[in-house]
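None of the figures in this text is laboratory data; all of them are computed from the coordinates on show. Keep in mind that what you see is a predicted model, and the values were worked out from it rather than measured. Cβ placement follows ideal geometry from the backbone for every residue including glycine, while neighbour counts extend to all protein chains displayed.
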Amino acid sequence: EDQVTQSPEALRLQEGESSSLNCSYTVSGLRGLFWYRQDPGKGPEFLFTLYSAGEEKEKERLKATLTKKESFLHITAPKPEDSATYLCAADLNYGGSQGNLIFGKGTKLSVKP
Amino acid sequence: NAGVMQNPRHLVRRRGQEARLRCSPMKGHSHVYWYRQLPEEGLKFMVYLQKENIIDESGMPKERFSAEFPKEGPSILRIQQVVRGDSAAYFCASSPWSENTGELFFGEGSRLTVL
C-alpha cells in the first residue's frame, strides 16, 4: 500500500534552534513530493514541489530536500511565526489523476520565543 | 484576488439529515478538488472535478456522497443521511493548470459535526 509517513508527530523548538522534519514514502512510482503548511483552523498552504532525488528548494528559513526514500524539511533559526503543522504529500505516477495526493498526518511544530 | 471560498465554515447536522458544502474556486481556476480530514488523520482525497465533469472520484465513499461542479455556480459536495463518522473537516482546493504541479490552493474548510 502506498504510504506517506511523517516524523516526528510534534516538535518543540526554541527560537533560533534549527531542526529537520522527515517525510518517508513507500509509493510505487513518485511523480512529485510536496510540502504544505497548515495553520490551526485554516486550509493547507503550498510551500514546495520536488520532482527528483537530489533536488532542493528554499524559501526564507525553510529548505526542502528529496532522496529516493524520503524528504526533509529543514528549518534554520526558526521564529515563533513558523509554528504550524507541516504536511508532506506524494503524487503517484500509476495513472491517478492530478490533485489526487497522498498526505501524511503532519508534524506539528511549535517554536517558543 | 479572492481565495478559494467555502461555506458554511461550520455545519451541524443530526444523523439522517443532509449536508451540502459549497466551494467557489479562485478566479480563473477550472479544476476543483475535495479532501476530507478526519480527526487525527491526514487529508484524504475524495474527488476531482472540472466544469460539468467528474474526472476522478476514486476517493468518494460509494454511498451517500456526491459532488458536482456545474457550468455556473460553486462546486457542491453533498452528503445524504449523515452518520457520526462523517464528522470531519472538508477542504476544497482549486488549481488553474491542466498539468499537475502539486500546487493546490485550499479553502479554509467546512467543519461538519454530526450529532
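Going through region A:1-103, which chymotrypsin sites (Phe, Trp or Tyr not before Pro) have at most 15 other Cβ atoms within 10 Å and a DSSP loop state? Kindly include the intermediate steps, with their values, before the conclusion.
Numbers: sites: A:Tyr25, A:Phe34, A:Trp35, A:Tyr36, A:Phe46, A:Phe48, A:Tyr51, A:Phe72, A:Tyr86, A:Tyr94, A:Phe103; in loops: A:Tyr51, A:Tyr94.
Sites meeting the loop and neighbour criteria: A:Tyr51, A:Tyr94.
If you find the alpha carbon centre of region B:35-79 and of region A:45-113, how far apart are they in angstrom?
If you average the Cα positions of each part, the centres end up 24 Å apart.
Compute log10 of I(q)/I(0) for region B:8-49 with the Debye formula, placing one identical point scatterer on every Cα and leaving out solvent, at q = 0.15 Å⁻¹, to two decimals.
-0.53
For region A:53-93, go through all pairs of different Cα atoms, get the mean of 1/r, take its inverse, and jot down that Kirkwood value in Å. Spell out each step's value before the answer.
On the way: mean 1/r = 0.0863 Å⁻¹.
Evaluated over region A:53-93, this radius sits at 11.6 Å.
With +1 on each Lys and Arg Cβ and -1 on each Asp and Glu Cβ, and nothing else charged, work out how big the dipole of region B:41-115 is about its Cα centre, in Debye to the nearest 20. Could the numbers behind the result be given before it?
Details: 8 positive and 11 negative charges, 65 e Å.
Computed charge dipole of region B:41-115: roughly 320 debye.
Semi-axes of the equivalent ellipsoid for region B:41-96, please: Cα gyration tensor eigenvalues, times 5, square-rooted, ordered largest first, whole Å. Write down the numbers at each step before the final one.
Values: eigenvalues 79, 36, 23 Å².
The equivalent ellipsoid of region B:41-96 has semi-axes of 20, 13, 11 Å.
If one computes P(r) from the Cα atoms of chain A, what percent of pairs lie at distances over 22 Å?
On the way: 1733 of 6328 pairs.
Pairs farther apart than 22 Å: 27 percent.
Sort A:Val27, B:Val83, A:Val111 so that the residue with the fewest other Cβ atoms within 10 Å of its own Cβ comes first and the one with the most comes last.
Working: A:Val27 17, B:Val83 12, A:Val111 21.
Exposure proxy ranking, most exposed first: B:Val83, A:Val27, A:Val111.
Treat the count of other C-beta atoms within 10 Å as a stand-in for reagent exposure and order B:Arg111, A:Arg12 from fewest to most.
Details: B:Arg111 18, A:Arg12 13.
In order of increasing Cβ crowding within 10 Å: A:Arg12, B:Arg111.
Shielding of B:36-43 by partners, i.e. mean partner chain Cβ atoms within 10 Å per residue? Before the final figure, lay out the partial values.
Numbers: counts 0, 6, 0, 0, 2, 3, 12, 12.
Mean number of neighbouring Cβ atoms from other chains: 4.
The protein assembly as shown: D in µm²/s via Stokes-Einstein (Kirkwood Rh, Cα pairs, 4 °C, 1.567 mPa s)? Kindly include the intermediate steps, with their values, before the conclusion.
Working: Rh = 18.1 Å.
Taking Rh from Cα pairs, D becomes 71 µm²/s.
At most 14 other C-beta atoms within 10 Å and a DSSP loop state: those are the exposed GluC sites (Glu not before Pro) I care about. Give me the longest piece of chain B that has none.
Numbers: sites that count: B:Glu18, B:Glu40, B:Glu41, B:Glu52, B:Glu63, B:Glu72, B:Glu99.
Between exposed loop sites, the widest span is B:73-98.
HN-Hα J couplings of region A:7-24 from phi, Karplus 6.51/-1.76/1.60, θ = phi - 60°, integer Hz, Gly and Pro as x?
With coefficients 6.51, -1.76 and 1.60, one gets 8, x, 5, 9, 9, 10, 10, 7, 3, x, 8, 6, 6, 9, 10, 10, 9, 9 Hz.
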